[in-house]
Amino acid sequence: VFVPKIYSDLTTRKVLVMEWVDGFRLTDSASLDKYGLDRKKLVDTLVQCSLRQILENGFFHADPHAGNLLACEDGRLCYLDFGMMSYAERAQRNGFLLAVVHIVNRDWGALVRVYQKLGFIPEGTDVKPIEVALEKALPDVLNAEISELNFKNVVNKLGDIMYTYPFSLPPFYIAIIRCLGVLEGLAIQVDPTSRIISEAYPYVASRVLTDPQPDLQEALRGLALTSDGRIRWNRLEGLLDEAKDSSGYDVSQALDLLTDYLTSDEGEPLLQDLSQQIVEAADSLGAESLEYIFKAASALTIRDEVGAARAIRSLQRLLDREDSFQDEIQGVLPELTPSMKRFSRVISLLGGGADTDVSKYVPIVRKLSQEPKIQKTANEIVARLGERVLSRSLRAMFGLPPPKFDGDSSSASTVFEESIN
């Protein structure tokens, strides 16, 4: 993405002199085909660039229609005509992002509170009817058909509610809505399957996973945790899966913020829940994963950061071998439950891929290894896994059926939580 160079020495108060750019409109199908340009890639570049202008920098091109953008032969995108620009303060930007999160989470009470904080709804207004109207009008973004995610449709439904109830919309919000509406209109012209809400969600997911600002971290907890602080594994998997498709996303930043929460007093229920899931997953996955879990947990207790990081990465690579691994354990251990498959998928997503540099995880593991509660939890995991291995071995030696460990998980949340909305 680029903008034309300005020739300041030739520019006066009345004449702006810029470089000449050879290109063509994004709606020029013949030229796109001639130069072999990928429509989906162009649309994604356009959407991601505009989102970052709006939600990161706050200063954004507010009129991205077809006449103000050029596609170049080399695949670059050129913005033109900066006569309509707008600005949103940090609190306003975060408020807009939080509104998207709450719509996805279908948390209408939280959405109304954001609108009140932004000054859209006067203090003292009875907001319960507004919450009910929002719930009835807006689609379930996580499960809706693609046709329902048309930005214009969502805005029209919001507009009906804002016309019915005492809303007052500031200029920045109107500018953002107009910008995104024009953007989706152009995106659909270029690629009829494009929907800006679907295109934007990977970026939104990456921001809530990696941005340390308190209001965004609160939004993450609302999405990924239950009211009592336990993990909504399906939501966490969804966020991680979406975020990996956002350019600039670094999973180690997400892990760093997660470890900060784990080691806080507020994160105690999450830490206990996570340790239970590790035990359950390792016990179900078999000997190889047990070996890596033992290595990682033991390394944490003796503060061997590099050893722990390598063990965790080895486990992640093991989990990535899904098909061959299933064949390997078939007939030896029970088939992986949906819960364990989901847990292994989350671990794999947190691993960042087979090519991720293990050194990125060393500072995170070092931070964990220096926390007394993490050392205590690691010791407990080692002890509980050791008990399970011993129990399985003894029962197998005497020809008895495999043991059941229902008592360990009676108070833990399950990984596969379809009942949680």
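Looking only at the stretch 391-403, which residues are surrounded by fewer than 11 Cβ atoms within 10 Å (Cβ to Cβ) and either in contact with a Pro (Cβ under 8 Å, 6 or more places away or on another chain) or assigned to a helix (DSSP H, G or I) (or both)?
Result: 393, 397.
When the stretch 257-301 is examined, which residues are found to be modelled with pLDDT of 75 or more, acidic (Asp, Glu) and open to solvent by less than 60 Å² (accessible area, probe 1.4 Å)?
Within the stretch 257-301, just 273 meets the criteria.
Just to be sure I understand, how many residues within the stretch 204-234 are in contact (Cβ under 8 Å) with a residue 60 or more places away in the chain and closer than 19 Å to residue 272 by Cβ?
5
Which of (1) modelled with pLDDT under 75; (2) more than 30 Å from the chain's Cα centre (by Cα); (3) of a type outside the set (A, V, I, L, M, F, W, C) is the odd one out, the single condition residue 361 does not satisfy?
(2) is the only condition that residue 361 fails.
Kindly indicate the residue of the stretch 227-254 that is open to solvent by 30 Å² or more (accessible area, probe 1.4 Å) and at pLDDT below 75 and also farthest from residue 113 (Cα to Cα) among those meeting that condition.
Of everything passing the filter in the stretch 227-254, 230 is farthest from residue 113 (Cα to Cα).
Answer with yes or no whether residue 91 is under 17 Å from residue 220 (Cβ atoms), assigned to a helix (DSSP H, G or I) and not charged (D, E, K, R).
Working: under 17 Å from residue 220 (Cβ atoms): no; assigned to a helix (DSSP H, G or I): yes; not charged (D, E, K, R): yes.
Judged against the criteria, residue 91 is not a match.
Take the residues in the stretch 171-209 that are in contact with a helix residue (DSSP H, G or I) (Cβ under 6 Å, 6 or more places away or on another chain) and part of a loop (DSSP other than H, G, I, E, B); name whichever of them is modelled with the highest pLDDT.
Applying the filter and picking the extreme gives 191.
If I ask for residues that are within 36 Å of the chain's Cα centre (by Cα), closer than 26 Å to residue 87 by Cα and open to solvent by less than 60 Å² (accessible area, probe 1.4 Å), which ones from the stretch 1-35 would you list?
Within the stretch 1-35, 2, 4, 26 qualify.
Looking only at the stretch 171-184, decide whether some residue is of a type in the set (Lys, Arg), in contact with a Pro (Cβ under 9 Å, 6 or more places away or on another chain) and surrounded by fewer than 21 Cβ atoms within 10 Å (Cβ to Cβ). Walk me through it before giving the result.
Here is the first cut: in the stretch 171-184, the residues of a type in the set (Lys, Arg) are 178.
Filter again for in contact with a Pro (Cβ under 9 Å, 6 or more places away or on another chain), leaving none.
Looking through the stretch 171-184, none of the residues is of a type in the set (Lys, Arg), in contact with a Pro (Cβ under 9 Å, 6 or more places away or on another chain) and surrounded by fewer than 21 Cβ atoms within 10 Å (Cβ to Cβ).
Given the condition open to solvent by 70 Å² or more (accessible area, probe 1.4 Å), more than 19 Å from the chain's Cα centre (by Cα) and touching a residue at least 40 places away in the same chain (Cβ under 8 Å), answer yes or no: does some residue in the stretch 83-104 qualify?
There is at least one residue in the stretch 83-104 that is open to solvent by 70 Å² or more (accessible area, probe 1.4 Å), more than 19 Å from the chain's Cα centre (by Cα) and touching a residue at least 40 places away in the same chain (Cβ under 8 Å).
Within the stretch 36-48, which residues are assigned to a helix (DSSP H, G or I) and surrounded by fewer than 18 Cβ atoms within 10 Å (Cβ to Cβ)?
Correct list: 40, 41, 45.
Taking residue 63, is it closer than 23 Å to residue 199 by Cβ and free of Cβ contacts under 8 Å to residues at least 12 places away in the same chain?
Taking the combined requirement at face value, the residue does not satisfy it.
The values are calculated or read from the model by the stated rules, or taken from the named source; none is laboratory data. As the structure is a prediction and not an experimental result, all values here were calculated from the model. Positions of Cβ are backbone-derived with ideal geometry, glycine not excepted, and every protein chain shown enters the neighbour counts. These area figures cover heavy atoms from the full protein model, side chains too; ligands, DNA and RNA do not enter into them. Shrake-Rupley method; radii C 1.70, N 1.55, O 1.52, S 1.80 Å.
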